[in-house]
Every structure is written in C-alpha cells, then in structure tokens.
Amino acid sequence: MPILNRASEMQDEVAGWRQHLHQTPELNFDVFKTAAFVTEKLKEFGCDDVVTGLGKTGVVGIIRGHRGDGPTIGLRADMDALPLKEITGKPYASTVPGKMHACGHDGHTAMLLGAAKYLAETRNFAGSVAVIFQPAEEGGGGGNEMVKDGMMDRFDIAKVFGMHNMPGLPVGEFAIRPGPIMAATAEFTITVKGKGGHAAMPHGTIDPIVIASQLVGALQTIASRSTDPVEAVVVSVTKFHAGDAYNIIPESAEIAGTVRTLKKEVAKKSEERIRAICAGLGTAYGATIDVDYDTNYPVTFNHADETVFASDVAADVAGDAQVHRAIQPVMGGEDFSYMLEARPGAFIFIGNGETAGLHNPAYDFNDEAIPHGMSYWVKLAETALAA
Ligand code: NI
C-alpha cells in the first residue's frame, strides 16, 4: 500500500491546520490554544472519548474500531514550540514575538489530527487507537507528566509509537533503528569559588578563571580518555561566565553544559568523572568547586519487535528502499523516551527534505510530508489492530 489516496486528498486541509498552528506557537506546558484546537478537532471527528488536562495540558482522543475488540495502540505527537524569533518570511509565520515552531511540532500535531480524522471516518480495525498530543517536549518533560498522570493504564495502551521529522532526509523516506535512537540528556552547572583580587597581583588570589579554563579542557577527557572509543558520549560546555573588569580577578566563575549518552553505564561514569575532576582540581588549586548535576530525559530506546513492525509499515507506505532501518543514533534528547519506558513501541524519523535544521530560525515543517506521515499512522494502526 503506497500513500493513501485519502491522505493525499486531505493534504491541503491538514496543511491549513498546520499553518494555523504555526502562526500561534506556544511554549512548554502553556499550549492552551493548541490543546483547545486539537480538542475541538477530535470532537468534530467524532472520537469516542476526548480527555484533556493530562500531564497538565496534554490531550488524548480515543477512536474505537468497528471490527470488534482488540488492544489499544497509542500514537503520539508533540504540540510545543521554541523561544526563537522566526525568519522564514512565510505568509503564515509566527504572530507571537520570540516564539516559533522551529522543530515541526506543528506538523506532527497536524499529521496526527489528519490520521485521527481518517481513522474516525473509517474505523477499519479491531480495538482502539489512542491519539496522544503532549505538551512540553522541549525540556519540560510533558511526555513524562502524561505517563505519571496514569495515561497508559487509564486507556489500557498496549504499545506506543512516536514520529519526528528530520531535515536532510528526503520527503517520502523514513529512518529508524532498534535500540537507542536518541540520547539521554543531563545538564551541569559548575561554580568555581576562588579568591578575587588585583589583576596585577595574582599571587595573592586564587584565580577562578584559570581554574575553570583548565576544567573545560579536563572535561574533554571524559570522551577522549575515560570512555570506550566505540561508545557514544558528548560533554559540551555551553556557558562560561566570569568577571566584569580589566583589572580585577573575580571571586568566582561559572561554567555549564550538557552531557549526552546512549547507555546508563556511560551516563553514570560521565557524572562520576565530572565530579572527580572538579574535586581534584579544587584540591590542586585551593578552590571550592560545586557541581550541580541534573539528569534529564532518558535514552529513547526502540523495542526490537516494534521497530521491525514500524519499519515494515513504513516500507509498505514508502517502499522498501525509502526506509533506512539501521541509522546511527541521534545525540539529541526526546521525552517520548518516558513513554517507551512505560510500554513497548518505536520512534521513527520522517523526511522533511532539504529544509533548514531543527531549532534554526529559518526552519519550517514541510507540508509535502503530510500524506506520508498520515499514511504511516493510519497503516500502523490498521496493521497493528487487524481483525
Ligand atoms: Ni522536536
């Protein structure tokens, strides 16, 4: 089965929803207008149940099949935007200053709404489909909040599937892998407390800038010297703040950054090394070095059987040659990971074509991907719930 004819027919309608959402981006859990739009559409489509306020502002629609009893399959989209100033110049560009859909969650939401409309019209399956719209993917952990709110048990969701667009992958292609597909994330803030003083008399000070500079270098050894070279780890220092004058050595310096890993052991070792390096440098130079370390999203881990299933569904829609079944993991984070910790399932990438990259102010979701994404969702539900 290639792309569904009905999905192609619906492309303009779904693109209209997408562009409407694009104009009114909302952040984190504050996706009130977006959630209201989703809720209104799901009710209009005739979903059997529409539940709002899950994980603060998440929405779930339930569609029961007409072919008898069966399990419930969860299909998930994210709704939140990013704090960026849009520069696409598109007629439907963001109308909200400093906010834009720069990760394509507008497209994810619209494609899943399109699939929900189709599935509610046809109901050609046994069991139920739960369409899941979550807030706060970009750092707030909305997926985790929905799981903690009891979503999986409440709707008796057996398996759960997620999808994200990928710039650079041609439209009509899909990419996936079993096992870790996206990284676990952690953030650290390190405060070096030295002793300030006159820049011309450094011997009377404990210079936090010199110590923090050495720290930035030492942290590079976590990837290069402490981790097996065939394992993945990223340690990036992304902030370095200290001092305000030419002639004063400041009292303290602060550096911060992120750690990305694909395995729990590597994540644990990385945190241990950061703490040990800070403690050792503090002792060596007589400074106090405080480490504030927050583990964030877990690894997005694709379950083996469900990955084969999702790959086969994608191949059915796109053709075998258009499905890349063993891509390299992506070191970004993704809070669909929490849903995959709660239930078996798989996360897949869909081609967005040669667009600007994710989180770039020139990015725009590619509406040509809509029939492909919709067809994937519909085919996945109908195959998983075949009578
Ligand atoms: Ni995203």
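The values are calculated or read from the model by the stated rules, or taken from the named source; none is laboratory data. Given the structure is predicted, the values throughout are model-derived calculations rather than measurements. Virtual Cβ from ideal backbone geometry, glycine too; neighbours counted across all protein chains shown. Keep in mind that these areas ignore ligands, DNA and RNA; they rest on the heavy atoms of the full protein, side chains included. Shrake-Rupley method; radii C 1.70, N 1.55, O 1.52, S 1.80 Å.
For residue 276, work out the one condition from (1) buried (at least 18 other Cβ atoms within 10 Å of the Cβ); (2) in a helix (DSSP H, G or I); (3) outside the structural domain of residue 372 (by TED's automatic domain parsing) it doesn't fulfil.
With respect to (1) buried (at least 18 other Cβ atoms within 10 Å of the Cβ); (2) in a helix (DSSP H, G or I); (3) outside the structural domain of residue 372 (by TED's automatic domain parsing), residue 276 is out only on (1).
Among 192, 160, 147, 171, which is in contact with a Leu (Cβ under 9 Å, 6 or more places away or on another chain) and more than 30 Å from residue 284 (Cβ to Cβ)?
It is 160.
Answer yes or no as to whether residue 327 is surrounded by fewer than 16 Cβ atoms within 10 Å (Cβ to Cβ) and either modelled with pLDDT of 95 or more or of a type in the set (Val, Ile, Thr) (or both).
So residue 327 passes the test.
For (1) without any contact (Cβ under 8 Å) to a residue 24 or more places away in the chain; (2) under 28 Å from residue 25 (Cα atoms); (3) more than 16 Å from the ligand (Cβ to nearest atom), each residue gets a yes or a no:
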position: 295; (1), (2), (3): no, yes, yes
position: 308; (1), (2), (3): no, no, yes
position: 313; (1), (2), (3): no, no, yes
position: 332; (1), (2), (3): no, yes, no
position: 351; (1), (2), (3): no, yes, no
position: 356; (1), (2), (3): no, yes, no
position: 360; (1), (2), (3): no, yes, no
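Give me the pairs, please: first residue somewhere in region 93-106 and farther than 19 Å from residue 369 by Cα and free of Cβ contacts under 8 Å to residues at least 60 places away in the same chain, second residue anywhere and more than 9 Å from the ligand (Cβ to nearest atom) and outside any strand (DSSP E or B), beta-carbon distance under 7 Å, and either six or more positions apart or on two chains.
Close Cβ pairs (under 7 Å, with a partner that is more than 9 Å from the ligand (Cβ to nearest atom) and outside any strand (DSSP E or B)) amount to 98/83; 98/85.
Could you go through region 52-65 and let me know if any residue there is assigned to a strand (DSSP E or B) and free of Cβ contacts under 8 Å to residues at least 12 places away in the same chain.
Yes, some residue in region 52-65 is assigned to a strand (DSSP E or B) and free of Cβ contacts under 8 Å to residues at least 12 places away in the same chain.
So that you can scan it fast, the table gives a plain yes or no per residue for (1) assigned by TED's automatic domain parsing to the domain that holds residue 343; (2) touching a Gly at 6+ places or on another chain (Cβ under 9 Å); (3) open to solvent by 10 Å² or more (accessible area, probe 1.4 Å); (4) farther than 20 Å from residue 125 by Cβ:
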{"position": "13", "(1), (2), (3), (4)": "yes, yes, yes, yes"}
{"position": "17", "(1), (2), (3), (4)": "yes, yes, yes, yes"}
{"position": "20", "(1), (2), (3), (4)": "yes, no, yes, yes"}
{"position": "29", "(1), (2), (3), (4)": "yes, yes, yes, yes"}
{"position": "36", "(1), (2), (3), (4)": "yes, no, yes, yes"}
{"position": "50", "(1), (2), (3), (4)": "yes, yes, yes, no"}
{"position": "61", "(1), (2), (3), (4)": "yes, no, no, no"}
{"position": "65", "(1), (2), (3), (4)": "yes, yes, yes, no"}
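If we keep just the residues of region 94-106 that are more than 10 Å from the ligand (Cβ to nearest atom) and not acidic (Asp, Glu), which is surrounded by the fewest Cβ atoms within 10 Å (Cβ to Cβ)?
Once the filter is applied, the top-ranked residue is 97.
Kindly check whether there is at least one residue in region 205-218 that is in a strand (DSSP E or B), open to solvent by 40 Å² or more (accessible area, probe 1.4 Å) and assigned by TED's automatic domain parsing to the domain that holds residue 270.
Within region 205-218 (the criterion being in a strand (DSSP E or B), open to solvent by 40 Å² or more (accessible area, probe 1.4 Å) and assigned by TED's automatic domain parsing to the domain that holds residue 270), the answer is yes, since at least one residue qualifies.
Does region 108-124 contain at least one residue that is in contact with a Leu (Cβ under 7 Å, 6 or more places away or on another chain) and within 30 Å of residue 280 (Cα to Cα)?
Checked region 108-124: no residue is in contact with a Leu (Cβ under 7 Å, 6 or more places away or on another chain) and within 30 Å of residue 280 (Cα to Cα).
Name the residue, out of 180, 135, that is in contact with a Phe, Trp or Tyr (Cβ under 6 Å, 6 or more places away or on another chain), within 16 Å of the ligand (Cβ to nearest atom) and in contact (Cβ under 8 Å) with a residue 60 or more places away in the chain.
So the residue among 180, 135 that is in contact with a Phe, Trp or Tyr (Cβ under 6 Å, 6 or more places away or on another chain), within 16 Å of the ligand (Cβ to nearest atom) and in contact (Cβ under 8 Å) with a residue 60 or more places away in the chain is 135.
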